[in-house]
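The values are calculated or read from the model by the stated rules, or taken from the named source; none is laboratory data. Being a predicted model, the structure only gives us computed values, none of them experimental. All Cβ positions, glycine included, derive from the backbone under ideal geometry; neighbour counts span all protein chains shown. Quick note on the areas: whole protein, heavy atoms, side chains included, nothing else; ligands and nucleic acids left out. Shrake-Rupley method; radii C 1.70, N 1.55, O 1.52, S 1.80 Å.
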Amino acid sequence: MAAPTQISRFDPFMSPPLTSRKPNLSFPLFSTSFTSLSFPSFSLSLSRPKPQTQRSYRHRVHASIRKLSESDSLPISKDPEDLDASIPTGAGVYGVFDANGELQFVGISRNIASSVDKHRKSVPSDLCSSVKVGPADTATPDRMVLQSAWKSWIEEHISATGKPPPGNVQGNYTWIGAPPDIRLTPGRHVSLTIPLEELIDRLVKEHKVVAFIKGSRRAPQCGFSQKVVSILESHGVDFVSLDVLDEEHNYGLREKLKSYSNWPTFPQVFVGGELVGGCDIISDLAEKGELKALFQK
Amino acid sequence: MASRGANVVLSRANRMRQTLQSALEASVLELEDVSYQHAGHAGVEKGANETHFNVKIVSPKFEGQSLVKRHRMVYDLLSDELKSGLHALSIVAKAPKETGS
């Protein structure tokens, strides 16, 4: 059977954040400061036929939101000062198209115009050329309605083109922004009630893939860390990261981790609680095509 | 340490070469000092040299060992250097069978 495609979604009002969804993770010292973004992943099976009951159910739930192919296309203004009055400010589904008319990203929003405006400011302008909108017919639609409309737009696009919009593929952070780095403590003034080593141990066992890097994930401060982050992201790996140079929030981590892992350099990548290696090993595995298998274990 | 005096005059590269060669019985041992590529980046002291190396080793001792194990063997051998200013290594560690020659 074909592996399910992992899809991630821009969903501004869905919480709780990633870390607290797992029951054993409500550990007060890990602050990830997720704001309004979350990364639910859907397994859309491309090969399995859909049961009839599910189809009729879907029809009923979002009969109010039109199909992707039947929705109106609106141009997105290039001028950052120019607010698009034509884009509705209400809730609904939207799909952003690039300059070549290719669908790049499908999102849901409580305020479509504002979401599109945010994308326009954070995403290269040639990727944000026009938008199709599927406004909901009520001011405060149920979240399920929007989610199922989002899902059916994605499925409609997959059945038309064979693949999900690039911005919705898990690990692509162009549209939804990379998750922030995990911080071990709220600040240096906080004394740990648990030994740092145990904290590291819990962290690497509770997250499937953990990368300890120099600098933040969005701005690594070392070429090797940068390379590891880009390899992991380009392989769509769902991972959390920690900045070992952040002495304010991760005080002592850098030295303690070296002894914990018996590995003297950074970056370090853990999978399932085990050290896989640093930049050389990750690059090596990526070249041999063995990375995917490792992360699917 | 009897070799203390000798260490002072030997460069780090030469010390590393000797250590690795004698412990790993390497059939290939290439060391390249790439410190200039990393001069002044985070965590490296100003004016420090011989901080970053590319190492390529082919050794029968790597036979049957995982990549992590092989890298650890190299790191362990060079632990004194890592404590005294060696900052990062890029390691290619192969067993003789894997070199394809």
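Remarks
- Here's how it looks for A:VAL131: its modeled amide H is under 5 Å from those of A:LEU74, A:ILE76, A:PHE97, which are all 5 or more places away or on a different chain.
- By a 1.4 Å probe calculation restricted to protein chains, A:TYR173 has an accessible surface near 40 Å², given to the nearest 10.
- Total accessible surface hidden between B and A, rounded to 100 Å², 1.4 Å probe: 1400
- Residues of region B:45-91 buried by at least 50 Å² on assembly (accessible area, 1.4 Å probe, chain alone as reference): B:LEU67, B:VAL68, B:ARG72, B:TYR75
- Derived scalar couplings between HN and Hα for region A:138-155 equal 10, 5, 10, x, 5, 4, 4, 4, 5, 5, 6, 5, 4, 5, 6, 5, 4, 5 Hz in order, rounded to whole Hz, by the Karplus curve 6.51 cos²θ - 1.76 cosθ + 1.60 (θ = phi - 60°), x for Gly and Pro.
- Accessible surface, 1.4 Å probe, highest first, among residues A:HIS189, A:HIS119: A:HIS189, A:HIS119
- Region B:75-80 - phi-based ³J(HN,Hα) in whole Hz, Karplus 6.51/-1.76/1.60, Gly and Pro as x: 4, 4, 4, 9, 4, 4
- Over 22 Å (Cα to Cα) - which of A:LYS256/B:LYS83; A:LYS151/A:LYS205; A:LYS214/B:LYS56; A:LYS227/A:LYS288; A:LYS132/A:LYS292; A:LYS227/B:LYS56 fall in this group: A:LYS151/A:LYS205; A:LYS214/B:LYS56; A:LYS132/A:LYS292
- Relative to the 2.2 N^0.38 Å rule of thumb, region A:131-246 has a C-alpha radius of gyration ratio of 1.44.
- If R0 is 25 Å, the Cβ-Cβ spacing of A:LYS121 and A:GLU247 corresponds to a FRET efficiency of close to 0.20.
- Exposure rank, largest accessible area first [B:MET73, A:MET144, B:MET16; 1.4 Å]: A:MET144, B:MET73, B:MET16
- For a paramagnetic label modelled on A:LYS205 (point 7 Å from Cα along Cα→Cβ), amide N atoms under 14 Å away belong, within region A:246-286, to A:272-275.
- Cα-based shape type of region A:73-168, given that a ≥ b ≥ c are square roots of the gyration tensor eigenvalues and the cut on a/c is 1.5: oblate
- Label zone (A:GLN296, point 7 Å along Cα-to-C-beta; backbone nitrogen cut-off 15 Å) within region A:231-245: A:235-238.
- What the Kirkwood sum gives for region A:196-296 is a hydrodynamic radius of 13.4 Å, with every pair of different alpha carbons counted.
- For A:GLU255, solvent-accessible area (1.4 Å; no DNA, RNA or ligand), Å²: 110
- Region A:102-119 residues near the modelled A:SER64 label - backbone nitrogen below 20 Å, point 7 Å along Cα→Cβ: A:107-115
- Once both labels are positioned 7 Å from their Cα atoms along Cα-to-Cβ, the gap between A:SER86 and A:ALA160 label points is 1.8 nm.
- FRET efficiency for B:LYS97 and A:HIS235, using Cβ-Cβ distance with R0 set to 35 Å, rounded to 0.05: 0.80
- Surface/4 estimate of mean projected area, convex hull on alpha-carbon atoms of region B:11-98, nm²: 5.5
- For A:VAL240, solvent-accessible area (1.4 Å; no DNA, RNA or ligand), Å²: 20
- Of the residues A:LYS132, A:LYS78, ranked by 1.4 Å probe accessible area with the largest first, the sequence reads A:LYS78, A:LYS132.
- Cross-link partners of A:LYS67 among aspartates and glutamates, defined as those whose alpha carbon lies under 13 angstrom from its own and excluding same-chain residues fewer than eight positions apart: A:GLU155, A:GLU156.
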